[in-house]
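Okay, structure first, notes after.
The values are calculated or read from the model by the stated rules, or taken from the named source; none is laboratory data. Every value quoted in this text rests on a predicted model; they were computed, and no experiment measured them. Note: ideal-geometry Cβ built from the backbone for every residue, glycine included; neighbour counts use all protein chains shown.
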Amino acid sequence: MAKKIYFSRYDNTDAVYNPGPASKFIPEWYKDAKSYLNDEKKPNMHESYTTIKRCMPVFDAMTAGYVIVLGQDMYCERTPTGPYFHWRTEGQVAKDEILTQHDFFQVQGHPENNLGHQLKIENPWLIKTEPGYSCMILPPLHRDNQIIVLPGIVDTDTYYEKINLPFNLKDKNFEGLIEAGTPIAQVIPFKRESYQMEIVPLDKKRSLMNQRTIASKLFDAYRNLYWFRKEYK
């Protein structure tokens, strides 16, 4: 039976833009990509006949978990003191309180901070998982976003509170509109388990058999022989 994950609006109001399975937010570049060289599924002089669109690890990362989207249009204005954001509030274009920031000393030394202070989206969504499950929160994978949230892990089975989204800009000099509905965070639930690493000798027989099996296929060996479908509904 599928495990449950719950998203609740912190203010209990209806939302226009709701979270959804990441598979519903596949980026346009991926949709437009061709699966095979010259868009032909046939052998050629190249060793590899397939493109990134047939790479299942990329597909699995892109479609894992759930996506939270921006709830309102946001305009980023470039100013001498840094970016200034406008949100429509009560019919006026003004700085919205749901966008806040941490002071510089709270993020000192972080390698991805390019503004000094730390911007933060006051995410309205509370996330709840079943006992023993946490959520990894990441920037939406394999996307070209201006908003880059800081990755983190939250124990969403015990923490019953909204999870705000600190973020940086891909380009600190960016000016323009970031539209409502833009994916801003990817939420991937996982079961908490303990691991212990070991370095062990290579199983040469298994490795050789694996290589021979792959070599027996012209197309999509990993997809057809080793891959398991992951479902997030």
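What about His102, is it under 20 Å from Asn173 (Cα atoms), at pLDDT below 90 and of a type outside the set (Lys, Arg)? Yes; evaluated as a whole, the condition is true for this residue.
The number of residues in segment 126-138 being surrounded by fewer than 20 Cβ atoms within 10 Å (Cβ to Cβ) and either within 14 Å of Ile184 (Cβ to Cβ) or of a type outside the set (S, T, N, Q) (or both) comes to 8.
Filtered by the rule that a residue be out of contact with any strand residue (DSSP E or B) (no Cβ under 7 Å at 6 or more places or on another chain), free of Cβ contacts under 8 Å to residues at least 40 places away in the same chain and not acidic (Asp, Glu), segment 146-185 gives Thr158, Tyr159. Tell me yes or no: at least one residue of segment 76-83 is farther than 30 Å from Lys3 by Cα, touching a strand residue (DSSP E or B) at 6+ places or on another chain (Cβ under 6 Å) and at pLDDT 90 or above. Checked segment 76-83: at least one residue is farther than 30 Å from Lys3 by Cα, touching a strand residue (DSSP E or B) at 6+ places or on another chain (Cβ under 6 Å) and at pLDDT 90 or above.
Scanning segment 151-181 for residues that are assigned to a loop (DSSP other than H, G, I, E, B) and surrounded by 19 or more Cβ atoms within 10 Å (Cβ to Cβ) yields one hit, Thr156. For segment 32-71, a tally of residues being touching a residue at least 60 places away in the same chain (Cβ under 8 Å), part of a loop (DSSP other than H, G, I, E, B) and surrounded by fewer than 16 Cβ atoms within 10 Å (Cβ to Cβ) returns 2.
For segment 186-232, what are the residues that are assigned to a loop (DSSP other than H, G, I, E, B), among the basic types (Lys, Arg) and without any contact (Cβ under 8 Å) to a residue 12 or more places away in the chain? Matches in segment 186-232: Lys217, Arg229. Is it the case that segment 1-17 has a residue that's part of a strand (DSSP E or B), farther than 24 Å from Lys230 by Cβ, of a type outside the set (Gly, Ala, Ser) and in contact with a Phe, Trp or Tyr (Cβ under 8 Å, 6 or more places away or on another chain)? Yes, segment 1-17 has at least one match. Considering only residues that are closer than 23 Å to Trp125 by Cα and of a type in the set (A, V, I, L, M), which ones fall in segment 1-59? Listed by number, the residues that qualify are Ala2, Ile5, Ala15, Val16, Ala22, Ile26.
The set of residues in segment 1-49 being of a type in the set (D, E, K, R), at pLDDT below 90 and touching a Ser or Thr at 6+ places or on another chain (Cβ under 8 Å) consists of Lys41 alone.
Out of Pro166, Pro183, report the one residue that is under 25 Å from Val16 (Cα atoms), in contact with a Lys or Arg (Cβ under 9 Å, 6 or more places away or on another chain) and modelled with pLDDT under 95. Before the answer, list the steps.
Details: Pro183 fails: modelled with pLDDT under 95.
After ruling out the rest, the residue left standing is Pro166.
Taking the criterion of being touching a residue at least 60 places away in the same chain (Cβ under 8 Å) and assigned to a loop (DSSP other than H, G, I, E, B), the residues of segment 127-145 that qualify are Glu130, Gly132, Pro140, Leu141, His142, Arg143, Asp144. Only one of the numbered conditions (1) at pLDDT 95 or above; (2) among the acidic types (Asp, Glu); (3) surrounded by 12 or more Cβ atoms within 10 Å (Cβ to Cβ) is violated by Asp220, and that is (1).
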